[in-house]
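Structure record follows, encoded as structure tokens.
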Amino acid sequence: MEPTVVTARALLCAPDRWLAGGGLVLEDGWVRAVLESPRAVAAAGVRACDLGDVLLTPGLVNAHAHLELGSLAGEVSPAEGFVSWVEGLIEAKAGAGVRAFERAATEGAAHLMAGGTTCVGDVDSTGASRSALGAGGPRARIYREVLDAGDERRTPVALERLRGMPGEDDALRSWGLAPHAPYTVSPALFAACGELGRQRGLATTIHWAETVEEGDWLERGEGDFGRLLRHSPGVSGLDAIEAAGLLGPATSLVHANHARPSERERIARAGAVVVHCPGTHAFFERAPFGFAAWREAGVELALGTDSLASNDVLDLGAEMARARTTGNLDPEVVWTMATLGGARAVGLAGAVGTLAEGARADLVAWPWCGDGAREALDALTSHALCPRAVWVGGRAVQTPS
Ligand SMILES: [Zn+2]
């Protein structure tokens, strides 16, 4: 395909890069060049397509979802506590068919794109996302989820699932690993994940330190998790992750609500990303998330929607607004989490979450929302805008209405 130049009233290429009247050279789904001014656009000598009175930004990156679980929306109440919620979810999931999971993944992906998300880190426990995502969907890091509840009789089946990991990435789908959580993954299964992750250089995501209960179980074999799990390992979750060789820059740790200060420092040194899910946080009525402590420790943060089993909507715009309010954060900080932070979390830094040479042409055109980055970021992170149009790999997925 011939290169084309796309122009708009302004481009917000990165939180600190605002270009008035610039453009992008797009070719074969990639950004080949960023043109900084109308003069540079004219000099490019390439056919230009002007989008008009809009702000063009990179698509948002949702760093944590379980799209398949949209089929269980509203099924389980959090009222009886987290362990009971998990039990309820396991029961509801057992009663649902694979078609329902696939339908939920397709619909969830469409909702995300309508809100400006062009890349999702999705945890796939049933194979539904692998079937449902691809052409016509968002770009996806599909993490294959494995767990054995610490029960060695279940480990062989989980290892078999690891051996069945898809091979090469394709145009829209990259593969990854999701050892579910330190309390549901035995040391043997964790070690196998670490080994496979190293061999193939796979991005990995792990639920970590979501609740106090999991720490009680992991370190002392105490509490309600004893109803569901066998063999407390007698170590902290972070130690279990590190022992498997999985504490590093290719790993995102999801939730991270109950970290010790020394653990924040370890995570910062390792270069792992922490993913916060504001909707789930609200669903379980959790104490405020420690944005300040994580940022002070120098840990990169990202945002996720999690699933409709613990959230009311799949819309990263809603999550940005929640994070901004609950964390009392600057718009620029929140936008960074939803773009550059998400890109790092899903192992696609440089390719998504930014408008730069060599990035994917994953774009959103927003209604004009202010002269300058400050005003625009305020509107973008307030959940006040609906995308006019969205492109994944240069292909329009939603036309202006
Ligand atoms: Zn999750």
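In order along the range 316-327, the phi-based Karplus estimate (6.51 cos²θ - 1.76 cosθ + 1.60, θ = phi - 60°) of 3J(HN,Hα) comes to 5, x, 5, 5, 4, 5, 5, 4, 5, 6, 5, x Hz; Gly and Pro are listed as x. Candidates LEU67, ALA110, LEU55 compared by Cα position along the dipole of the range 36-122: farthest toward the positive end lies LEU55, with charges placed on Cβ.
Residues whose amide H falls under 5 Å from that of VAL146, counting only those 5 or more places apart or on a different chain, are ALA178, HIS180, with hydrogens built in the peptide plane. Placing unit charges on the Cβ atoms of the charged side chains and taking the dipole of the chain about its Cα centre, the candidate lying farthest along the positive direction among GLY327, SER262, ALA359 is ALA359. With each label modelled as a point 7 angstrom along the Cα→C-beta vector, the ALA356-ALA268 pair spans 2.3 nm.
Once R0 is set to 56 Å, what does the formula 1/(1 + (r/R0)^6) return for the Cβ-Cβ distance between LEU228 and ASP16, expressed as a FRET efficiency to the nearest 0.05? For R0 = 56 Å, the calculated efficiency reads 0.75. For the range 62-103 and the range 142-218, compute the distance between their C-alpha centroids and round to whole Å. Centre-to-centre (Cα) distance: 19 Å.
Based on C-alpha pairs under 8 angstrom that are at least 6 apart in sequence, the chain has a relative contact order of 21 percent. Taking amide hydrogens as placed 1.01 Å from N in the peptide plane, the amide H of LEU35 sits under 5 Å from those of GLY23, LEU24, VAL25, each at least 5 positions away in sequence or on another chain.
Most tightly packed first, judged by the mean number of other beta-carbon atoms within 10 Å of their residues, the peptides 198-209, 179-190 read 179-190, 198-209. Measuring r between the beta carbons of ALA42 and ALA396 and using R0 = 35 Å, the FRET efficiency lands at 0.90. Solvent-free Debye calculation, one equal scatterer per alpha-carbon of the chain: log10 I(q)/I(0) at 0.07, 0.11, 0.12 Å⁻¹ equals -0.31, -0.76, -0.89. Determine the shape class of the range 84-135: with a ≥ b ≥ c the square roots of the Cα gyration tensor eigenvalues, call it rounded for a/c under 1.5, and otherwise prolate if a/b is greater than b/c, oblate otherwise. Prolate, since a/c reaches 1.5 and a/b exceeds b/c.
Rounded to the nearest whole Hz, the Karplus-based 3J(HN,Hα) values (6.51 cos²θ - 1.76 cosθ + 1.60, θ = phi - 60°) of the range 25-40 follow the sequence 8, 10, 7, 6, x, 10, 8, 8, 7, 10, 9, 7, 7, x, 5, 5, with x at glycine and proline.
Zone of HIS111 (label point 7 Å along Cα→Cβ, backbone N under 17 Å): which residues in the range 56-70? Correct set: 61-70.
Values quoted throughout were computed directly from the atomic coordinates according to the rules given, and no laboratory measurement underlies them. All values reported here derive from a predicted model rather than from experimental measurement. Cβ atoms come from the backbone with ideal geometry, glycine included; neighbour counts cover every protein chain shown.
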